[in-house]
Amino acid sequence: MKKEAINPHNVWKPEDYFNIYHSPELPKTPPEKSGWEQAVRHGNWLFISGQTPTTPDGKTVAKDMHAQVRQALENTRNILKAVGGTTDDIMSIRYYFKAGYMEEGLAALRDLGSDYFKSPYPSTTCVEVVRVAWADHLLEIESVAILGGQKQ
């Protein structure tokens, strides 16, 4: 069984991620050589790359934790929809909050979580990190889903 790249049109994927910080003067990296996918599927397993608060047109939503959490979770949901899944299929989820934003991030998860998840909830890890992919992002959300299974 081969792995399959999942890059839905309604989730932004920067084409030049690897040159952005190191050498912005370099020519753009072709998408086929960018080195990563929004998600990778292998059988029923779906590994979703860190989702950011970026809209499909490449813009960051407001610098508000609630808005950023919602957008990153919407991107996650859109990837799942692209393969016929839902957030119920997520088994494990990791939230990476920019340093100094953990409490605000946990408050946003408390307020928004029921819009995306119901019991039994995914196993969850929350980590505070020095930085995430973009300077104006407050978080990234990474997850693993198993598609097609029914939770008991």
task = Grab every C-alpha pair in the stretch 65-152, bin the distances at 10 angstrom width from 0 up to the longest one, and report whole percents.
result = 17, 52, 26, 5, 0
query = Of 123, 92, which has the most accessible area and how do the rest follow, probe 1.4 Å?
reply = 123, 92
task = May I ask you to give the percent of accessible area on the stretch 29-141 that is carbon plus sulfur, with a probe radius of 1.4 Å?
result = 54 percent
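Highest mean first, what order results for 66-73, 55-62, 141-148 on Cβ atoms within 10 Å? Walk me through the numbers on the way to the answer.
Working: 66-73: 21.8, 55-62: 13.0, 141-148: 18.9.
Those peptides, ordered most packed to least, come out 66-73, 141-148, 55-62.
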request  = Keeping all protein chains in place, calculate the accessible area per residue for the stretch 59-152 (probe 1.4 angstrom), answer in Å².
outcome  = 50 Å²
key: Amide proton proximity set for residue 38, modelled H, under 5 Å, gap of 5+   = 6
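What's the extension gain from residue 121 to residue 66 if we count 0.36 nm per residue and subtract their Cα-Cα distance?
Numbers: separation 55, 0.36 × 55 = 19.80 nm, distance 1.96 nm.
Length gained between residue 121 and residue 66: 17.8 nm.
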request  = Could you work out how far apart the two model spin labels at residue 92 and residue 110 are, taking each label as a point 7 Å from the Cα in the direction of the beta carbon, and quote it in nm?
outcome  = 2.7 nm
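The values are calculated or read from the model by the stated rules, or taken from the named source; none is laboratory data. The shown structure was predicted, so the numbers you read here are calculated from the model rather than taken from an experiment. Virtual Cβ from ideal backbone geometry, glycine too; neighbours counted across all protein chains shown. Ligands, DNA and RNA are excluded from the accessible area calculation, which covers all protein heavy atoms including side chains. Shrake-Rupley method; radii C 1.70, N 1.55, O 1.52, S 1.80 Å.
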